[in-house]
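Step one of this worksheet: look at the structure below.
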Amino acid sequence: MSLSAHDRNRLNSTIEICVLFIFLGVFLGACRGFSQVPLDAAPPPVDQAATDGPSSPDSAPDSAVPACQAGEIFSADVDDYHEPGRHTAIAVEASGVIHITHYAAGPAPDMFGNGGYHDARYSRYKDGAWQSEDIYESGVIGGEMAMALDGSGQVHLVFYDYQNKDLLYSTGMFGNWQSPERIATEGIVGWGNDLVIDPQGNIHVVTVSGEQESLIYLRREKGEWQTGQPLASVSFGYQSGLALDKGGKLHASIISAGSLKHLSGEPTAFSEVEILEGGLKEAASDIATTFPGNVHLVYRDATDDLAYREKIEGNWSEKRILDSTSALSQDFSIVASESADLWVVYHDETAGDLRLSHRIDGKWRPPRSIDTAGHVGGYPSAALGPEGALHIAHYNKDNRALRYTRICPNAQQ
């Protein structure tokens with residue numbers, strides 16, 4: 001079929017307009033992503049009416065957690081609303097209630113910047129079912145989660161506002177959350193967070209300020225946040241660790257200026273710095289303590305192996321390589337029991353597995369994969385619960401869901 005000159009001109013004009021719209025969409029999409037945060041972390045405002053309210057327990061992919069059986073490892077996806085499960089933090093009450101805060105970051109906006117969803121999210125396992133909901137304030141976006149429970153079981157958390165580049169704090173419980181409070185606003189601040197609560201109910205936080213290039217310590221006493229205190233220079237916002245020993249002394253870990261550093265001290269004098277190892281890349285670390293004041297530290301060394309050091313009676317051990325599996329991610333978590341048994345959970349990016357290195361009775365067991373159901377194990381966070389069970393929150397990349405794994409006693413031996 002031949003076209004008249006008039007029809008050809010109309011067709012060419014239509015094509016030119018379509019090409020122009022496609023170019024503008026790609027250009028605007030590129031501009032939206034031109035920042036220091038990941039492309040999926042610079043969202044448009046969210047319609048609160050579309051996100052309010054908890055999800056029904058029946059909407060969770062797996063709503064039941066079976067009773068612990070000796071030697072059992074249980075894994076299940078527990079929340080899949082708007083692609084949650086990144087930047088997890090987990091805590092478990094003595095009663096067995098499981099609390100998980102995490103970051104939902106999807107689906108991504110289209111090429112014109114429409115749609116998209118990014119929010120702080122909370123999941124709880126109680127009375128035989130998982131329940132999940134948003135922790136939401138207009139314009140507030142959640143990431144880099146850190147969480148702890150106070151003596152009453154109330155949740156306290158800090159997270160990052162990707163839009164305004166501030167560190168936010170919120171507290172509450174299922175169905176009742178305080179509006180987030182901006183507790184650090186100078187420059188790009190709110191990366192690599194960790195949080196602990198002392199027996200008096202005071203909150204202690206470490207966070208990374210990109211603009212100040214510092215690890216910052218923040219303290220909340222009697223309901224008031226104190227002025228932030230720089231602890232060490234940091235070029236990038238990789239994971240830092242914070243722990244509290246039985247004597248009330250704080251301990252932090254960070255890879256700073258190419259060196260692994262342990263920082264310690266009383267809350268009002270948190271300034272003692274020990275350099276343990278040099279020649280490192282900017283990478284992640286995490287820390288735990290055991291009675292009476294021993295320190296356990298995991299990190300990525302210069303060859304990207306997962307490494308461990310401990311401080312016993314004031315003396316640091318030599319480095320021990322826990323796992324040299326290729327392409328281990330920057331995400332890991334260390335947990336210690338009162339008897340100094342240790343669990344380190346981490347992500348193998350090549351295999352897409354959740355892995356575990358475990359020390360029991362002073363002896364390290366060979367590292368192994370504990371969840372291999374697709375590409376799982378990202379952003380892991382671990383906590384001990386009743387009966388010595390280890391509980392892990394992590395990300396299922398295949399299903400874009402929050403995933404939960406529990407290891408019952410004897411499964412590690």
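Each reported figure results from applying straightforward, stated rules to the coordinates on display, with no laboratory input. For clarity, every value in this text was computed on a predicted model and none was experimentally measured. Don't worry about glycine lacking a Cβ; one is built from the backbone with ideal geometry, like all the others, and counts go over all protein chains shown.
At a threshold of 8 angstrom on Cα-Cα distance, excluding pairs fewer than six apart, so keeping six or more, what relative contact order does segment 33-407 reach in percent?
Values: 1047 pairs, mean separation 49.2, N = 375.
This gives 13 percent for segment 33-407.
What does the net charge come to around Asp323 if you take all other residues with beta carbon closer than 9 Å to its beta carbon, with K and R at +1 and D and E at -1?
With Lys, Arg at +1 and Asp, Glu at -1, the neighbours total -1.
Alpha carbon centre of segment 364-381 versus segment 217-292: separation in Å?
26 Å
In debye to the nearest 20, how big a dipole does segment 236-299 give about its Cα centre with +1 on each Lys and Arg Cβ and -1 on each Asp and Glu Cβ?
About 60 debye.
I need the phi-derived Karplus couplings for segment 87-93: 6.51 cos²θ - 1.76 cosθ + 1.60, θ = phi - 60°, integer Hz, Gly and Pro marked x.
Each residue of segment 87-93 in turn: 6, 6, 9, 10, 8, 10, 6 Hz.
For segment 33-407, treating each Cα as an identical point scatterer without solvent, what Debye log10 I(q)/I(0) comes out at q = 0.06, 0.13 1/Å?
Rounded to two decimals, the profile gives -0.20, -1.03.
Using a cut-off of 12 Å between beta-carbons, work out the net charge of the residues near Trp225 (Lys and Arg +1, Asp and Glu -1, Trp225 not included).
Summing Lys and Arg as +1 and Asp and Glu as -1 gives +1.
Got a sec? How would His358, His82 order by Cβ neighbour count within 10 Å, fewest to most?
Neighbour counts put them in this order, fewest first: His82, His358.
Ranking Ile392, Ile203 by Cβ neighbours within 10 Å, fewest first, what do you get?
Listed from fewest to most nearby Cβ atoms, that is Ile203, Ile392.
Would you work out which of His87, Val298, Gly192 lies farthest towards the positive end of the dipole of segment 33-407? Charges go on Cβ: Lys and Arg +1, Asp and Glu -1.
Val298
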